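Have a look at the structure below before the remarks.
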Amino acid sequence: MIYNTPDLDVIYYGDNQISPQIDKTIYVLTTSDPNHAGHLLAKSIIGSRSVFGKVLSKWFYDSTIGTTDTREYETEEIGSSLYRINRSKYLLTIPQWRPINIKDPSADWIYLYPLVSSIAKWLNQEGFTRMVMLSSQIIHSFVEDGEWPVFSPEKVYVYAHSYTAHNGDKGDNNVKSDFIENEEKQDMLMHPATYMIPKIYHELFPSAEVLNVFVGSSKLGSIDLTAAETLATWLKENEKLYPSKSHLIKEHKELELLTKKYGGPSSETIIRSKGDPVNTNGSVMFG
């Protein structure tokens, strides 16, 4: 089965179909963060599941030069992968995101809006009434002036977009509508993926429940196992979603081996020939 628009192609493998006529939640993760937390969490959620479907677009930041995957010796992945957790819960992983110019982020809107709005419309058509965007706040480590504090990887912050907030009155949809941890409000700087995907989904479909869930992180360029474990615990306690501890530990060990082999950070951003996620002139941030 294929969903097709000028900006997006979604292919469901085999006889796969998204469960109709029930409310569903989509969990979204970027997996190329330079602290590896998103990658580790995704692997622990996926476990032994096969890819349910593939999302392709001309707007993804995919390479036009083919290489072989370091571990699998197959051509590298393109686009985004969809996984079915159960009838009402699905996971969307985004391995590559267009690097942004931190000095002029608005310049990237023309490239990113078509992708994000197309994904939002596809998810809505498939009956997803709820979105949970999961991320670590490693982006704060890129800012040198100290304006944005680096948070502990043991803390989780949640922002709830709500229908009442859309109409100008901050409601909470049973979740605090601010980045709050233990009643303490925190200001957040958000990477475009973690900002645009839930924000545009909420703006286009304001009746949907949309959450931003962040964990702190301070391990720029290394493997932040604690951040991944903290998000996994949040999912267990709040979403009744149970990431696999064994898969998380296994992937962590494999990443450590790759780090030693390549002499530095081993995120997919680097392994898959995308280059260093931090440009030396400070103007371009990780994709």
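The values are calculated or read from the model by the stated rules, or taken from the named source; none is laboratory data. None of the values given here were measured: they were computed from a predicted structure. Positions of Cβ are backbone-derived with ideal geometry, glycine not excepted, and every protein chain shown enters the neighbour counts. Areas reflect the complete protein model, heavy atoms only, side chains present, ligands, DNA and RNA absent. Shrake-Rupley method; radii C 1.70, N 1.55, O 1.52, S 1.80 Å.
With the crude spin-label approximation of a point 7 Å out along Cα→Cβ, what separation in nm comes out for GLN17 versus SER207?
2.3 nm
Applying a 10 Å radius around every beta-carbon, put 223-234, 109-120 in order of their mean neighbour count, most first.
223-234, 109-120
Using 7 Å Cα-to-Cβ label points, what is the SER106/TYR61 separation (nm, one decimal)?
Inter-label distance under the simple model: 2.1 nm.
Report the net charge of residues surrounding ILE22, where surrounding means a beta-carbon distance below 12 angstrom and charges are Lys +1, Arg +1, Asp -1, Glu -1.
Values: positive: LYS24, ARG87, LYS89, ARG130; negative: ASP23, GLU126.
Combined, the nearby Lys, Arg, Asp and Glu give +2.
Taking 26 Å as the cut-off for C-alpha to C-alpha distance, list the pairs among LYS24/LYS103; LYS58/LYS121; LYS103/LYS253; LYS121/LYS155; LYS24/LYS236 that go past it.
LYS24/LYS103; LYS103/LYS253; LYS121/LYS155
Would you kindly derive the ³J(HN,Hα) couplings of region 123-131 from the backbone phi angles with the Karplus curve 6.51 cos²θ - 1.76 cosθ + 1.60 (θ = phi - 60°), listing them in order in whole Hz, with x for Gly and Pro?
4, 5, 4, 7, x, 7, 9, 8, 10
Given a 1.4 Å probe and every protein chain left where it sits, what share in percent of the accessible area of region 4-58 is carbon and sulfur?
On the way: 950 of 2190 Å².
Taking all protein chains in place, region 4-58 shows 44 percent carbon and sulfur surface.
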